Amino acid sequence: MTVSEVPALVDRRALKLARARSLRGGEGPDFLRRRVAEDVADRLAATLRPFTEALDLASPGGETAAALAARPGVRRVVRAASLAGPGADLACDPEALPFAPESFDLIVSTLALQFANDLPGALAQVRRALRPDGLMLAALLGGDTLTELRQAFAAAEGEVEGGLSPRVLPFADVRALGGLLQRAGFALPVTDVDRVTVRYPHALALMADLRAWGATNALEERRRAPLRRATLGRMIDIYGERFGDPDGRVRATFDIVWLSGWAPHPDQQKPLKPGSARTRLADALGVPEGAPPPRPQPDKAKKEPDRDV
């Protein structure tokens, strides 16, 4: 199947209109953008490889670009936004990059690529735009993101309308995304997930944030008729019943999937052949043979956000 034959999941025109509204309104609350930008800085701090030319690809807000500019050694940061706006150097479609091969040694994209119709193609273009031994770091929403909203809408539509319509973007699984990195030609691919649980006073407050972010329903197969008041009211009730806390607030899940990969270079580390290890895993972990590995301690530094709307 060619790129032109990839089925369209997202209505690009509807997404563009939603993003334009978001830009006019200041791009909405910044708590997710700030969290991701802080993680970008932390992950790059653990990398000894120097970077001089960096690209911020379609990340909303200016937080990611600021994190890249603050890294020692970076001489230039190009901010390529999905739409022209304040602080953007150029506007470009993440699925049609205008850059020559080997233009950057660092490309970072946050909270944007989940909207790509052809994510494998977008990753392949990022790979071509990287210099040898250049790094790609991306954070996109995936996994169980907005599972509560999806379930509440499905139950409400089933009760009120007798059928379902797509209302929440289907998000990719972390294992599938790891396979896409390999398919795009990245070396040393790594994926992991940061789950953020945000508490809202009610489901309408969550929907207001999604609208402010330009993340309203832009699915190609969405129902074009306006949402019925009865369906919305039942959805709000179901959301509170199933996902409410004792204090009356409701939960919303955001799974931030992190992808990293390197443009191949002859001097990079190579994985060892299976069976070539000379040290037992139990010795490395300091546990008896056959004992389960110690459980990692949860990160206490980041508090689950409460949204007071």
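What do you reckon, is Val74 open to solvent by less than 30 Å² (accessible area, probe 1.4 Å), part of a loop (DSSP other than H, G, I, E, B) and touching a residue at least 24 places away in the same chain (Cβ under 8 Å)? Yes, satisfied.
Yes/no matrix, rows are residues, columns are (1) free of Cβ contacts under 8 Å to residues at least 24 places away in the same chain; (2) over 27 Å from Pro266 (Cα atoms); (3) among the hydrophobic types (A, V, I, L, M, F, W, C):
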residue	(1), (2), (3)
Pro101	no, no, no
Leu111	no, yes, yes
Asp144	no, yes, no
Glu161	no, yes, no
Leu164	yes, yes, yes
Leu177	no, no, yes
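Only one of these conditions is not met by Ala54: (1) without any contact (Cβ under 8 Å) to a residue 40 or more places away in the chain; (2) in contact with a helix residue (DSSP H, G or I) (Cβ under 6 Å, 6 or more places away or on another chain); (3) of a type in the set (A, V, I, L, M). Which number is it? Condition not satisfied by Ala54: (1). Inspection of the range 44-55 finds no residue satisfying the criterion of being at pLDDT 95 or above, out of contact with any Lys or Arg (no Cβ under 6 Å at 6 or more places or on another chain), under 28 Å from Ala205 (Cβ atoms) and not hydroxyl-bearing (Ser, Thr, Tyr). Checking the stated criteria, Arg234 turns out not to satisfy the condition of being part of a loop (DSSP other than H, G, I, E, B) and of a type outside the set (S, T, N, Q). Is at least one residue of the range 82-96 within 18 Å of Thr216 (Cβ to Cβ) and either open to solvent by less than 10 Å² (accessible area, probe 1.4 Å) or among the hydroxyl-bearing types (Ser, Thr, Tyr) (or both)? Looking for residues that are within 18 Å of Thr216 (Cβ to Cβ) and either open to solvent by less than 10 Å² (accessible area, probe 1.4 Å) or among the hydroxyl-bearing types (Ser, Thr, Tyr) (or both), one finds at least one in the range 82-96, hence yes.
When restricted to residues that are small (Gly, Ala, Ser), surrounded by 13 or more Cβ atoms within 10 Å (Cβ to Cβ) and touching a helix residue (DSSP H, G or I) at 6+ places or on another chain (Cβ under 6 Å), the range 214-240 contains 2. Just one of the listed residues (Ala54, Ala122) is over 19 Å from Arg13 (Cα atoms), of a type in the set (A, V, I, L, M) and buried (at least 20 other Cβ atoms within 10 Å of the Cβ), namely Ala54. Would the range 138-147 turn up any residue that is assigned to a helix (DSSP H, G or I) and open to solvent by less than 10 Å² (accessible area, probe 1.4 Å)? There is no residue in the range 138-147 that is assigned to a helix (DSSP H, G or I) and open to solvent by less than 10 Å² (accessible area, probe 1.4 Å).
Regarding Arg131, is this residue touching a residue at least 60 places away in the same chain (Cβ under 8 Å), assigned to a strand (DSSP E or B) and basic (Lys, Arg)? It is true that Arg131 is touching a residue at least 60 places away in the same chain (Cβ under 8 Å), assigned to a strand (DSSP E or B) and basic (Lys, Arg). Quick one: would you say Pro201 is more than 16 Å from the chain's Cα centre (by Cα), of a type outside the set (A, V, I, L, M) and open to solvent by 50 Å² or more (accessible area, probe 1.4 Å)? No; evaluated as a whole, the condition is false for this residue.
The values are calculated or read from the model by the stated rules, or taken from the named source; none is laboratory data. Note that this is a predicted model, so its numbers are computed, not measured. Don't worry about glycine lacking a Cβ; one is built from the backbone with ideal geometry, like all the others, and counts go over all protein chains shown. Just the protein is used for accessible areas: all its heavy atoms, side chains included, with ligands, DNA and RNA removed. Shrake-Rupley method; radii C 1.70, N 1.55, O 1.52, S 1.80 Å.
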